[in-house]
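The values are calculated or read from the model by the stated rules, or taken from the named source; none is laboratory data. These numbers come from a predicted model, not from an experiment. Note that each Cβ is placed from the backbone with ideal geometry, even for glycine, and that neighbours are counted across all protein chains shown.
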Amino acid sequence: MELFTGRGYEQTTVAEIAARARLTERTFFRYFADKREVLFSGSAMLQELLVNTVAAAPESAAPIDAVAAAVEAAGALLQERRDYAKQRQDVIAANPELQERELIKMATLAAAIAGALCDRGVLEPAASLTAEAGIAVFKVAFGIWLKGPDQADLPQIMRDSLNDLQAVVTEPAVTHRK
């Protein structure tokens, strides 16, 4: 991350990353397809957490409540890595190729959540709509959290963002300012 933030993503080479990690380039490529994947290496773990949390929700939980629990669990995980998350997001925001990869990651997470909802018996398109809403809440809350004070509570921001979404859906006046 120091290389990406100090030199810029495009100027940083795999050789420099490998040297900083005290690896050979060959060893680097055993773990990562390219330097872009260094920034996305936690995606599989995040997906597993989201899917497992949806699957573990009580049978009586509404689909949106199962997704809310998953998003809050992800928020709790990221809460501990705020400085890294902020640096990572700054690197991604400065590079269109990485922005595209981030969008692909979010779409993949939404599809995985939708699959977990289907496994719980939620029919399409409700499963996909609920998953996409959960990812939208995640993205908006994450952005708010990164711009907020260091002590901001990401899981709480996620709960508040979900409540805002529910209010917009159920109370039309919330979307209009006089």
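Descriptive notes on the structure:
- Matching residues in segment 11-25 - criterion: being surrounded by 12 or more Cβ atoms within 10 Å (Cβ to Cβ) and outside any helix (DSSP H, G or I): T12, T13, A21, L23, T24
- Here is the figure for segment 144-157: residues that are in a helix (DSSP H, G or I) and out of contact with any Lys or Arg (no Cβ under 6 Å at 6 or more places or on another chain) total 7.
- Selection of segment 112-143 for residues being of a type in the set (A, V, I, L, M, F, W, C), part of a helix (DSSP H, G or I) and exposed (fewer than 15 other Cβ atoms within 10 Å of the Cβ) yields only A126.
- Selection within segment 78-91: residues that are in contact with a Leu (Cβ under 7 Å, 6 or more places away or on another chain) and in contact (Cβ under 8 Å) with a residue 60 or more places away in the chain. The member of this set that is nearest to Q151 (Cα to Cα) is Q79.
- R30 falls short of the stated requirement of being surrounded by 14 or more Cβ atoms within 10 Å (Cβ to Cβ) and charged (D, E, K, R).
- For E2, the criteria (1) free of Cβ contacts under 8 Å to residues at least 12 places away in the same chain; (2) more than 25 Å from R120 (Cα to Cα); (3) not hydrophobic (A, V, I, L, M, F, W, C) hold in every case but one, which is (1).
- Unique match (being in contact (Cβ under 8 Å) with a residue 24 or more places away in the chain, over 27 Å from T5 (Cα atoms), in the same structural domain as L154 (by TED's automatic domain parsing) and in contact with a Ser or Thr (Cβ under 8 Å, 6 or more places away or on another chain)) among A126, A57, A66: A66
- Lone unmet requirement of (1) modelled with pLDDT under 95; (2) not assigned by TED's automatic domain parsing to the domain that holds E2 for V71: (1)
- Selection from segment 92-106 of residues that are aliphatic (A, V, I, L, M), surrounded by 13 or more Cβ atoms within 10 Å (Cβ to Cβ), out of contact with any Leu (no Cβ under 8 Å at 6 or more places or on another chain) and in a helix (DSSP H, G or I): M106
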